[in-house]
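Have a look at the structure below, then the notes.
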Amino acid sequence: MSDRITAADVVKVAKLARLDLTPDEIVRTTAQLDGMLEHFADMDALDLDAVVPMTQPYPLHNVFRDDMVVIGLDHDEVLAAAPRSEDGRFWVPPIIGLDS
Amino acid sequence: MTAVPTSAAAIAAGVRSGSLKAVDVVEAHLARIADREGEIHAFNVVLADRARAGAAAVDAMVAAGGDPGPLAGVPIALKDNMCTRGIPTTCSSKILDGWKPPYDATVVTKLAAAGAIAIGKTNLDEFAMGSSTENSAFGPTRNPHDTSRVPGGSSGGSAAAVAAGFAPVGIGSDTGGSIRQPAALCGVVGAKPTYGYVSRYGLIAFASSLDQIGPFTTTVHDSALLLDVIGGHDPMDSTSIPVAHAPLTGVLDRGVKGLRIGRITDLPAGADPDVTERLEAAFDALREAGARIIDVQVPAFSYGLTAYYLIAPAEASSNLARFDGVRFGLRVDALDTNTMYSATRAAGFGDEVKRRIMLGTYALSAGYYDAYYGRALKVRKLIHDDFARAYQDADVLLTPTSASVAFPFGSKGDNPLAMYLCDVYTIPSNLAGHPGMSVPFGTGADGLPVGVQVLAGTLDEATMFRVGAALERCAPAVTSAVALHGSAS
Amino acid sequence: MSAGARVDPRAEQVLEYGYQLVVGLEVHVELDTATKLFSASANRFGDDPNTNIDPVTLGLPGALPVLNRHAVELAMRIGAALDCTIQPSTFHRKNYFYPDMPKAYQISQYDQPINIDGHLDLPGGKRIGIERAHLEEDTGKSTHVGGSGGRIHGSDHSLIDFNRAGVPLVEIVSRPDLRTADEARQYVNELRAILVAIGASDAKMEEGSMRCDANVSVHQPGTPLGTRCEIKNVNSVRSLGRAIDYEARRQVDLLASGGIVRQETRHWDETDGRTHTLRTKEDADDYRYFLEPDLVPIVPSAEWIQAVRDALPMLPAARRARLSEASGSPAYSEAVMAAIDRGQDAYVLAVGHLGGDIGRALVHVKEAYAEQGPSPTVPAQDLALLTTLEVDGKLTATQAKAVLAEIVAAGGGDAAAIAAAKGFEAMDNSALESVVDQAIAADPEAWVKFCAGEGKAMGALVGAVMKATGGKADGKVVTAVLNQRRAAQP
Ligand SMILES: [Mg+2]
Ligand SMILES: [Zn+2]
């Protein structure tokens, strides 16, 4: 283990990603991510200071649609596919720990 | 019942002329499915009744003097990460089990408009994350050439379906090699066009800046035919390239005389001997056909794996956040929303998907962005620029598609990196956004298919297909899995 | 706008113990488009829940965003109206989980916003800097069921409506240049007037199409700025002022008692008139911003930007100045403000061009045209005639009101004819004086009180005169006569 990432980091990331990991999943994930990060260190050999990050393969700009309404999805069909709904809206358990 | 040809082009020609009935075409393929699907498991769902009805409609149209289109009556196996209205679309994940999209992906609409008939939704590594289709929540797909081995992945189901003769055409998606690598391992033709060539609308995203849709076929001509149908600008995809593409079917017999075929001298090592032996044979064949073989360097090529496995998981961690149990799919009940999210996602996602979400979330998180995601984007630029330089000297590049032939189930063990290395030759063209295709070129020592990869520059599909067609013409004859294992029709 | 900004005297005002208030505002406005920012569902307030939905709005697997050109145009218009630099821009993903955020990320402009470095001038002339005005998508709406009064805490469950999800927003971020709650109110009112005038938004705080977060801090003048708290859930201009005053007092008390201000997000509670901790900096989310790979950059051409600037209508400040100049009433008088708010200033000016009296027209319009929009039904010509009769002394203010009432009811009419029909004609003063004397004689008690300076008594006497003259008397003249009579007292 190169200790590039600790179990504490993994717990923090799992919380961010909303993934409920078991204790041994945390241990395994820490070891696996550490192994990967060790491999990814190969790019430390590259001098990237002058390099511009590439985010999209094909350069396009100003791609727009006209501001015209198109009939969307059927209310009933969508609500029927929801895990749980109540008078036309999506039902979720109490929201805590965050703000809107 | 008239003998059903194997190529999509021949089937469509027969159906359009009325000499062949689409219903017979569908029945012949359903028969092969009934015969071998049990051992192959290429499909998450077979759409027998819908296919029969669709075929009858195509025949009726022909009888009425109409033209159903260039894919009239051609059965298609769709990778199960493309939305099909009212038909389950699962990404081979428990989190989407039973979900029926309320809309069709653009490719699905275009295929239907061309007269094609969806015969089933095919198995994949969950959310297209894998290279063996072992990561499917619904069990692996087996390689029709040797059912003790993987078909490759992530589009293993579509590759196996075409190799087993379940459909003349399969549609897959390629983020880091997920069309080309399974095509090579299953002995069929697989093509990934330039990023933006085929619309991604309705393709359930893995990594948005890398995903591209492409065909699996038994011939290079069929591959070109399919791209001519599904390619082109789509206003529903902001990254879709707004140009009309010249038909690729027109360039196939132009030959390779005078073309410059690049050999990457600093290619990552590690390919098995029977793979490198086939690659050398391919170079020789093209030289024979009048092409010039020249050496080029792509120094950053070997850093592709690192850049890819930081960029793709980062985008995936965001793309897969919408699977939260609120609006569709699986929900595990809990007393508050956050607990519901974590429980739902823990139960709904498999190990590899969780691993990549974790890696991607970490790579983007405060304090690590610059060191990982940020640097990976710069490496991506280096790779792009190195290719650009190489394409000044060479028209196309030739590499192995996969470092090995189809490998046995479980042989990559518990180390995820071992599996990631399967994509070392295919990943760089996704990062650069360039087209690439895998063409079968004989077999390895143990009689398993080997594919050769043809890479070209942005929007140079035409040259890539000229070379692909030339390779096909001089490829040694290989007994197809269909012939090998017989068939009901 | 007045460049030589003279500083608002109130800005010098300091809090207890010599602390100075520092406020910056983040205002979100919903753009007045037909469709959403990235999809073709209707952008409409008040529809049945989850009826304006599509794969993009719901964040369904496979859906992709496509940018609404008109939303971009409106954002540019806002930038132009606030004297911003309009520049090439990009979109990022702001990743966080919340039930009303369908994709679990908000598409928002981050380090390359479309508008930067603008300003807005307050009525007093003080110039408030605008840091940025960027495009982003709105969230859905959560309704908290059970618990106390729809509050999120202690609620039994929540219900989500995605009609609002994906509605185009422009977030306008001011520099921390505001120094009093009143300046903050003025800023929001002026911003609102501008947004309405340029047709970018209806900017209704009560309907949520304009939302306001306040960054509040206090410090001793001359020392570095204090730690700021972000105040959310302010739903009217009035509560904005209250929230800022409360928060300022809270911070000053904290510091004065040796405490420290923690950087946090606080929630304004209308019912108890206090702010409450929502999130501290520690448990703030890590949003993992990265460039949205499903969208491409916006690169507006110089021609496009110029066209947007050229197409800008006259802004409220200039219109107020113009009307104030023409009417002689102050730019921020109720009459001028009302005319601008209702867009009736052009109409009032037209009355002037037709020979009418702009000052009188302004008063009448404020009182009688409340129900009318920018183009009142009464022809400007008719109001012009009415005001002319008035200034020529042919009609008293009271009579003119009565005549106008009929004209408005009928959607127009000849003031002279209506006045004649009503038997209106101004009284000559000698006649009026005798009526006044009769009124004094008739109510000696009121007279005594009036002489003692009781306002009520004056009202009684004037009333009596009006009664006796059937409203023909000019109230001002009556008061004048009464004052004469009192002055003439030994
Ligand atoms: Mg903000
Ligand atoms: Zn915002």
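The values are calculated or read from the model by the stated rules, or taken from the named source; none is laboratory data. Because the structure is a prediction, the values reported are computed rather than measured. No Cβ is skipped: glycine too gets one built from the backbone with ideal geometry, and neighbour counts run over all protein chains shown. Keep in mind that these areas ignore ligands, DNA and RNA; they rest on the heavy atoms of the full protein, side chains included. Shrake-Rupley method; radii C 1.70, N 1.55, O 1.52, S 1.80 Å.
Within the range B:386-411, residues that are of a type in the set (K, R) have Cβ atoms under 8 Å from residues that are exposed (fewer than 15 other Cβ atoms within 10 Å of the Cβ) and at pLDDT below 95 in no pair, counting only partners at least 6 apart in sequence or on another chain.
Go through the range C:241-267 and count every residue that is open to solvent by less than 20 Å² (accessible area, probe 1.4 Å) and either charged (D, E, K, R) or away from ligand 1 (no atom under 15 Å from the Cβ) (or both). It would help to see each step written out before you state the result.
Applying the first criterion (open to solvent by less than 20 Å² (accessible area, probe 1.4 Å)) to the range C:241-267 yields C:241, C:243-244, C:247-248, C:251-252, C:261, C:264-266.
Add one more test, that the residue is either charged (D, E, K, R) or away from ligand 1 (no atom under 15 Å from the Cβ) (or both), and what stays is C:241, C:243-244, C:247-248, C:251-252, C:261, C:264, C:266.
Of the residues in that region, 10 qualify.
Note on the range B:204-216: residues that are buried (at least 24 other Cβ atoms within 10 Å of the Cβ) and either of a type in the set (S, T, Y) or at pLDDT below 95 (or both) total 1.
Have a look at B:R375, B:R345, B:R380 and point out the one that is crowded, with 24+ Cβ neighbours inside 10 Å and either among the hydroxyl-bearing types (S, T, Y) or under 19 Å from B:G304 (Cα atoms) (or both). Give the derivation first.
Working: B:R375 fails: crowded, with 24+ Cβ neighbours inside 10 Å; B:R345 fails: either among the hydroxyl-bearing types (S, T, Y) or under 19 Å from B:G304 (Cα atoms) (or both).
Answer to the check: B:R380.
If you go through the range B:345-390 and keep only what is of a type in the set (F, W, Y), facing chain A (nearest Cβ under 8 Å) and farther than 11 Å from B:L310 by Cβ, you end up with just B:F349. Tallying residues that are open to solvent by less than 20 Å² (accessible area, probe 1.4 Å), of a type outside the set (F, W, Y) and closer than 16 Å to B:T122 by Cβ within the range B:31-85 yields 17. The conditions are (1) small (G, A, S); (2) in a helix (DSSP H, G or I); (3) touching a Lys or Arg at 6+ places or on another chain (Cβ under 9 Å), and B:A72 fails exactly one of them. Which is it? Every listed condition holds for B:A72 apart from (2). Taken over the range C:45-72, the criterion of being facing chain A (nearest Cβ under 9 Å), out of contact with any Phe, Trp or Tyr (no Cβ under 7 Å at 6 or more places or on another chain) and either within 16 Å of C:D202 (Cα to Cα) or open to solvent by 30 Å² or more (accessible area, probe 1.4 Å) (or both) is satisfied by C:D48, C:P49, C:T51, C:H70, C:A71.
Screening B:T426 with (1) within 30 Å of B:D284 (Cα to Cα); (2) surrounded by fewer than 21 Cβ atoms within 10 Å (Cβ to Cβ); (3) more than 14 Å from every other protein chain (Cβ to nearest Cβ) gives one miss only, at (2). Kindly indicate whether any position in the range C:170-179 is assigned to a loop (DSSP other than H, G, I, E, B), of a type in the set (K, R) and modelled with pLDDT under 95. Within the range C:170-179 (the criterion being assigned to a loop (DSSP other than H, G, I, E, B), of a type in the set (K, R) and modelled with pLDDT under 95), the answer is no, since none of the residues qualifies.
How many residues are facing another protein chain (nearest Cβ under 7 Å), among the aromatic types (F, W, Y) and within 30 Å of the chain's Cα centre (by Cα) when one looks only at the range B:318-344?
Of all residues in the range B:318-344, those facing another protein chain (nearest Cβ under 7 Å) come to B:318, B:321-322, B:324-328, B:331, B:334-338, B:340-343.
Checking which are among the aromatic types (F, W, Y) leaves us with B:328, B:341.
Add one more test, that the residue is within 30 Å of the chain's Cα centre (by Cα), and what stays is B:328.
The qualifying residues number 1.
Output the number of residues of the range B:309-366 satisfying the condition of being at positive phi and in a helix (DSSP H, G or I). Residues in the range B:309-366 being at positive phi and in a helix (DSSP H, G or I): 0 in total.
This table checks each residue for (1) over 21 Å from C:C212 (Cα atoms); (2) within 16 Å of ligand 1 (Cβ to nearest atom).
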{"residue": "C:L74", "(1), (2)": "no, no"}
{"residue": "C:T90", "(1), (2)": "yes, no"}
{"residue": "C:R93", "(1), (2)": "yes, yes"}
{"residue": "C:K103", "(1), (2)": "yes, no"}
{"residue": "C:P113", "(1), (2)": "no, yes"}
{"residue": "C:G125", "(1), (2)": "yes, no"}
{"residue": "C:G129", "(1), (2)": "no, no"}
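Note on the range B:169-204: residues that are of a type outside the set (V, I, T) and away from every other protein chain (no Cβ under 14 Å) amount to 14. Residues in the range C:97-130 that are farther than 30 Å from C:F162 by Cα and small (G, A, S): C:G118, C:G124, C:G125, C:G129.
Considering the range C:85-135, the residues that are among the polar types (S, T, N, Q) and within 13 Å of ligand 2 (Cβ to nearest atom) include one that is nearest to the other protein chains (Cβ to nearest Cβ), namely C:Q106. Considering the range C:189-212, and only residues there that are of a type outside the set (A, V, I, L, M, F, W, C) and open to solvent by less than 20 Å² (accessible area, probe 1.4 Å), the residue that is farthest from ligand 1 (Cβ to nearest atom) turns out to be C:E190.
Any idea which residue in the range C:17-32 is nearest to the other protein chains (Cβ to nearest Cβ), counting only those that are open to solvent by less than 10 Å² (accessible area, probe 1.4 Å) and more than 16 Å from ligand 1 (Cβ to nearest atom)?
Going residue by residue through the range C:17-32, those that are open to solvent by less than 10 Å² (accessible area, probe 1.4 Å) are C:21-25, C:27, C:29, C:31.
Narrowing further to those that are more than 16 Å from ligand 1 (Cβ to nearest atom): C:21-22, C:31.
Values: C:L21: 24, C:V22: 23, C:L31: 10 Å.
Checking each candidate, the answer is C:L31.
Of everything listed in (1) in contact with an Asp or Glu (Cβ under 8 Å, 6 or more places away or on another chain); (2) closer than 17 Å to C:M101 by Cα, the single unmet condition for B:V326 is (1). Are any residues in the range C:216-240 open to solvent by 20 Å² or more (accessible area, probe 1.4 Å) and within 16 Å of ligand 1 (Cβ to nearest atom), and if so, which ones? Once the filter is applied, which keeps residues that are open to solvent by 20 Å² or more (accessible area, probe 1.4 Å) and within 16 Å of ligand 1 (Cβ to nearest atom), the range C:216-240 yields C:R228, C:E230, C:K232, C:N233.
Please enumerate the residues belonging to the range C:136-158 that are in contact with an Asp or Glu (Cβ under 7 Å, 6 or more places away or on another chain), within 16 Å of ligand 1 (Cβ to nearest atom) and more than 13 Å from chain B (Cβ to nearest Cβ).
Restricting attention to the range C:136-158, the residues satisfying the condition of being in contact with an Asp or Glu (Cβ under 7 Å, 6 or more places away or on another chain) are C:136, C:138-142, C:145-147.
Applying the additional criterion that residues be within 16 Å of ligand 1 (Cβ to nearest atom) yields C:136, C:138-139.
C:E136, C:D138 - these are the residues of the range C:136-158 that are in contact with an Asp or Glu (Cβ under 7 Å, 6 or more places away or on another chain), within 16 Å of ligand 1 (Cβ to nearest atom) and more than 13 Å from chain B (Cβ to nearest Cβ).
The sole residue among A:L98, A:L60, A:L79 that is modelled with pLDDT of 95 or more and either part of a loop (DSSP other than H, G, I, E, B) or among the aromatic types (F, W, Y) (or both) is A:L60.
Taking the residues in the range C:162-178 that are more than 13 Å from every other protein chain (Cβ to nearest Cβ) and crowded, with 22+ Cβ neighbours inside 10 Å as candidates, determine which candidate is nearest to ligand 2 (Cβ to nearest atom).
Initial filter on the range C:162-178 (more than 13 Å from every other protein chain (Cβ to nearest Cβ)): C:169-178.
Add one more test, that the residue is crowded, with 22+ Cβ neighbours inside 10 Å, and what stays is C:169-170, C:172, C:174, C:178.
Working: C:L169: 7, C:V170: 9, C:I172: 10, C:S174: 14, C:L178: 19 Å.
Filtering first and then ranking leaves C:L169.
B:T399 meets each of the listed conditions (1) within 9 Å of chain A (Cβ to nearest Cβ); (2) assigned to a strand (DSSP E or B) apart from (1). Sub-7 Å Cβ pairs linking a first residue in the range C:108-119 that is touching a residue at least 24 places away in the same chain (Cβ under 8 Å) and closer than 18 Å to C:N95 by Cα to a second residue that is away from ligand 2 (no atom under 14 Å from the Cβ) and open to solvent by 40 Å² or more (accessible area, probe 1.4 Å), at least 6 apart or interchain, are C:Q112/C:P88, ordered by first then second residue. With respect to the conditions (1) without any contact (Cβ under 8 Å) to a residue 24 or more places away in the chain; (2) in contact with a Pro (Cβ under 9 Å, 6 or more places away or on another chain), B:D284 lacks only one, and its number is (2).
Keeping to the range A:82-95, report how many residues are within 7 Å of chain C (Cβ to nearest Cβ), modelled with pLDDT of 95 or more and part of a loop (DSSP other than H, G, I, E, B).
So the answer is 2.
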